[in-house]
Amino acid sequence: MIITMKKNAPEQEIQNLVQSIEDKGVKVTMIQGANYNVFGIVGDTTVVDDRLITANPYVDNVKRIAAPYKKANRLFHPLDSVIDVDGVKVGGNEKIVIIGGPCSVEGEESTMQIAKEVKEAGAMMLRGGAYKPRTSPYSFQGMGIEGLKCLYKAKLAYNMPIVSELMSENKVDEFEEYVDLIQVGARNMQNFDLLKALGKCSKPILLKRGLSNTMEEWIMAAEYIMAGGNENVIMCERGIRTFETYTRNTLDLSVIPIIKSKTHLPIVIDPSHATGKRDLVESMALAAIAAGADGLMLEVHENPECAWSDGAQTITPAALKTLIEKGRKIANVIGREM
Ligand code: PEP
Ligand code: MN
């Protein structure tokens, strides 16, 4: 961290500031310039509050050199992390993983049917929401634990790990029992109590980017889970809020190379929530593969028109099969398998 202080800063003010920073356990060295005094701060600067320093009237500028995250930082963990989701590996040079299934679990029979069809199409994991974060309290809220049990039966029948969203820390035990990859939804990305609870959990986490969060805030959310002791985090981009209204969200594919260079964590793309439109899903999925995504999460239903939620962005198992066939060709071009 580099702090530039104004030349007119009284000696006592400089000493006070240096002392308050050194109290955090870091080392401060000063370079006296003609117009400014420059301080270099070395050590663990994650504990130093740069905004508080910026607020000091004698400080001209504060610049962070080191990223505020450690566990997720590629610098301290140069190799790609490969996350094992009940036998399916995600990240590194492993196969690009396809996660398919309905937005909401709709009962045992339909879950079994969709599981069978997504598996036949080439998916390796089954998704389905049992607890749904709906914008309206009058919309279907999910089947709850009964939904998780439907997924679990499909897992046993088709040997596919299951992915489902957890909304509250008081349901962690339930998810530990039934779910293989616990999803943190976009709306809960900065639910810090939930993130802390997941830091103590034994299952891997699929961490979706918040609707209006920066990449650094998203990585810091992963850092919360990792700092708590659970280093098995997979990042998931699902589109962000922009001024554009044609699509439900704006898919930010630039996060793929950035997350991969800044962190060692795998990244999965969700083109369903990112676009909100089923006819855009395939092209965005293929683009994500080309850009280096480690996986795709897609909403799939045998009859999207009748899906209990998010039908507009849901594709059929037949469309999933075509998408995977095309995707495999792109994966080959970039030296990966799918
Ligand atoms: C979902 O995956 O069903 C979901 C609600 O996603 P998001 O949190 O990205 O909106
Ligand atoms: Mn959905």
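The values are calculated or read from the model by the stated rules, or taken from the named source; none is laboratory data. For clarity, every value in this text was computed on a predicted model and none was experimentally measured. Backbone-built Cβ (ideal geometry, glycine too); neighbour counts: all protein chains shown. Please note that ligands, DNA and RNA were not included when accessible areas were found on the heavy atoms of the full protein model with its side chains. Shrake-Rupley method; radii C 1.70, N 1.55, O 1.52, S 1.80 Å.
Which sequence of Tyr158, Tyr178 reflects their accessible areas, 1.4 Å probe, from the largest down?
Order by accessible area, largest first: Tyr158, Tyr178.
Using r as the Cβ-Cβ distance of Glu108 and Asn332, and R0 as 35 Å, what FRET efficiency do you calculate, to the nearest 0.05?
0.40
Apply 1/(1 + (r/R0)^6) to the Cβ-Cβ distance of Ile145 and Lys196, taking R0 = 25 Å, and write down the FRET efficiency to the nearest 0.05.
For R0 = 25 Å, the calculated efficiency reads 0.65.
Could you list which residues have their amide H under 5 Å from that of Thr263, counting only those 5 or more apart in sequence or on another chain, with H placed in the peptide plane?
The list, which skips near neighbours in sequence, is Arg74.
Show the residues, 5+ positions off or on another chain, whose built amide H is closer than 5 Å to the amide H of Asp60.
Excluding prolines and chain starts, which carry no amide H, the hits are Thr4, Met5, Lys6.
For segment 61-69, what does the Karplus curve 6.51 cos²θ - 1.76 cosθ + 1.60, with θ = phi - 60°, yield as ³J(HN,Hα) per residue in whole Hz, taken in order and with x for Gly and Pro?
The phi angles translate into 7, 10, 10, 7, 9, 8, 5, x, 10 Hz.
Calculate what fraction, in whole %, of the accessible area of segment 131-243 sits on carbon and sulfur atoms when a 1.4 Å probe is rolled over the protein chains.
50
For Lys27 and Tyr138, what is the calculated FRET efficiency with R₀ set at 45 Å and r taken between the beta-carbons, to the nearest 0.05?
My answer for the efficiency is 0.20.
Can you work out ³J(HN,Hα) from phi for every residue in segment 264-269, in order, using Karplus 6.51 cos²θ - 1.76 cosθ + 1.60 and θ = phi - 60°, giving whole Hz and x for Gly and Pro?
So the J values, rounded to whole Hz, are 10, 8, x, 10, 10, 10.
Taking every pair of Cα atoms in the chain, average 1/r, invert it to obtain the Kirkwood radius, and report Rg/Rh to two decimals.
Checking Rg against Rh, the ratio lands at 1.07.
Just reorder Lys24, Lys155 by solvent-accessible area, largest first, 1.4 Å probe, all chains present.
Lys24, Lys155
Give me the distance between the Cα centres of segment 86-140 and segment 1-45, rounded to whole Å.
Comparing the Cα centres of segment 86-140 and segment 1-45, I get a distance of 53 Å.
From Cα pairs below 8 angstrom and at least 6 apart in sequence, can you work out the relative contact order of the chain, rounded to a whole percent?
Relative contact order, the chain: 16 percent.
Could you state the angle between the C-alpha long axis of helix 317-333 and the longest principal axis of the C-alpha atoms of the chain, as a value from 0 to 90 degrees rounded to the nearest 10?
The helix 317-333 is inclined about 50 degrees to the chain.
In nm, what is the difference between 0.36 nm times the number of residues separating Leu79 and Asp50 and their Cα-Cα distance? Intermediate results must be reported in sequence, preceding the final value.
On the way: separation 29, 0.36 × 29 = 10.44 nm, distance 2.99 nm.
Separation in residues times 0.36 nm, less the Cα-Cα distance, equals 7.4 nm.
For the chain, set up a Gaussian network in which alpha carbons nearer than 10 Å are linked by springs, and say which option among Val281, Val85, Val26 fluctuates the most.
Val26
Can you divide the C-alpha Rg of segment 1-143 by 2.2 N^0.38 Å and report the result to two decimal places?
On the way: Rg = 26.5 Å, N = 143, 2.2 N^0.38 = 14.5 Å.
Taking N as the residue count of segment 1-143, the ratio is 1.83.
If you line up the long axis of helix 278-290 against the longest principal axis of the chain, both from Cα atoms, how many degrees apart are they, to the nearest 10?
The angle comes out at about 60 degrees.
Please go through segment 205-291 and write out the GluC sites (Glu not before Pro) that DSSP classes as loop and that have at most 14 other C-beta atoms within 10 Å.
Those satisfying the criteria are Glu244.
Tally Lys/Arg at +1 and Asp/Glu at -1 over every other residue whose Cβ is under 13 Å from the Cβ of Gly91; what's the total?
With Lys, Arg at +1 and Asp, Glu at -1, the net is 0.
With a 1.4 Å probe and every protein chain left in place, tell me how much accessible area Tyr131 has, in Å² to the nearest 10.
Solvent-accessible area, nearest 10 Å²: 40 Å².
Hey, got the dipole for segment 1-81? About the Cα centre, +1 on K and R Cβ, -1 on D and E Cβ, debye to the nearest 20?
260
Using a probe radius of 1.4 Å on heavy atoms only, what accessible surface per residue do you get for the chain? Whole Å² is fine.
Details: 15310 Å² over 338 residues.
Ligands and nucleic acids excluded, the figure is 45 Å² per residue.
Could you please state how large a percent of the accessible area of segment 1-57 is carbon and sulfur, counting protein chains only and using a 1.4 Å probe?
Details: 1870 of 3570 Å².
The computed percentage sits at 52.
Can you tell me what share of the DSSP beta bridges in the chain is antiparallel? A percent to the nearest 5 is fine.
Given both bridge residues lie in the chain, the antiparallel proportion sits at roughly 45 percent.
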